[in-house]
Amino acid sequence: MTRFTDLTDAAIAVVAEQGMRGLTHRAVDARAGLPLGTTSAYFRTRKALIEGLVGRLAELDNADVATQTLDPPPTDPTAFADAVAGVLDTWLTAGRERTLARYACLLEATHHPELRTILAYGRASRDQARALMTAAGVANPGQAGDHFVACVDGLLFDRLAGAGALTAPAPGTPENRADLATAVGKLLAAFTAS
């Protein structure tokens, strides 16, 4: 690991634990176990720190997606649903901290337009979904792909912070992956139906 990743990983942890209000250079220094002023030396402003955090989130999330067979879009809908369920389950378990931080950054961006760059890193999943819808012969693949991603993101949010956290199988279990795969499969069937 590099100092940059140490600091951005610490920033992710701070945001996941304390929310965006807790994200300060001092808090990141403390979380990373580094001398005061280290974070400021790498990220002069809070905006720069958030941009670094968002970049690291994108890097880690893209690595998770790369472990699944999502690109190019598979022709087997069940395999695709299973792969998406695997990513979602990872983001509810090992990547839970990142998922919390991602949602906190997204909410912060609604109040601070200069932080809207976080939205750009969601393009990759939308591009994959659009390609999937194109391969399935959907009439408006761009719109269908965007809607599919929005629904899957809603499923993730519900499992993380909504009522789904109370009723769904425990994250990290085969039952949870199967349940997620069922939900994703139903969404996929609905979006690709003629």
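The values are calculated or read from the model by the stated rules, or taken from the named source; none is laboratory data. Keep in mind it's a predicted model, so treat the numbers as computed, not measured. No Cβ is skipped: glycine too gets one built from the backbone with ideal geometry, and neighbour counts run over all protein chains shown. The protein model used for the area step is the full one, side chains on, heavy atoms only, and it has no ligands, DNA or RNA in it. Shrake-Rupley method; radii C 1.70, N 1.55, O 1.52, S 1.80 Å.
A few points about this structure:
- Members of region 119-138 that are crowded, with 19+ Cβ neighbours inside 10 Å and part of a helix (DSSP H, G or I): Ser125, Gln128, Ala129, Arg130, Leu132, Met133
- Residues within region 139-153 that are open to solvent by 60 Å² or more (accessible area, probe 1.4 Å) and within 23 Å of Ala183 (Cβ to Cβ), tallied: 4
- Close pairs from region 87-102: first assigned to a loop (DSSP other than H, G, I, E, B), partner surrounded by fewer than 21 Cβ atoms within 10 Å (Cβ to Cβ), Cβ under 6 Å, at least 6 apart: Thr93/Pro171; Thr93/Gly172
- Ala109 being at pLDDT below 90, assigned to a helix (DSSP H, G or I) and closer than 13 Å to Ile50 by Cβ: yes
- Hey, Asp61 within 13 Å of the chain's Cα centre (by Cα) and modelled with pLDDT of 90 or more or not: no
- You will find that of Asp61, Asp82, Asp29, the residue that is of a type in the set (Asp, Glu) and open to solvent by 40 Å² or more (accessible area, probe 1.4 Å) is Asp82 and no other.
- Taking each residue of region 120-144 that is of a type in the set (Asp, Glu) and looking for partners that are surrounded by 14 or more Cβ atoms within 10 Å (Cβ to Cβ) with beta-carbon atoms closer than 8 Å, six or more apart or interchain, yields Asp127/Gly145.
- Test: residue in region 157-172 that is of a type in the set (A, V, I, L, M, F, W, C), part of a helix (DSSP H, G or I) and closer than 18 Å to Pro77 by Cβ: no
- Asp6 being open to solvent by less than 40 Å² (accessible area, probe 1.4 Å) and either in a helix (DSSP H, G or I) or at pLDDT 95 or above (or both): no
- Tally of residues being over 24 Å from the mean Cα position of the chain (by Cα) and in a loop (DSSP other than H, G, I, E, B) across region 29-44: 6
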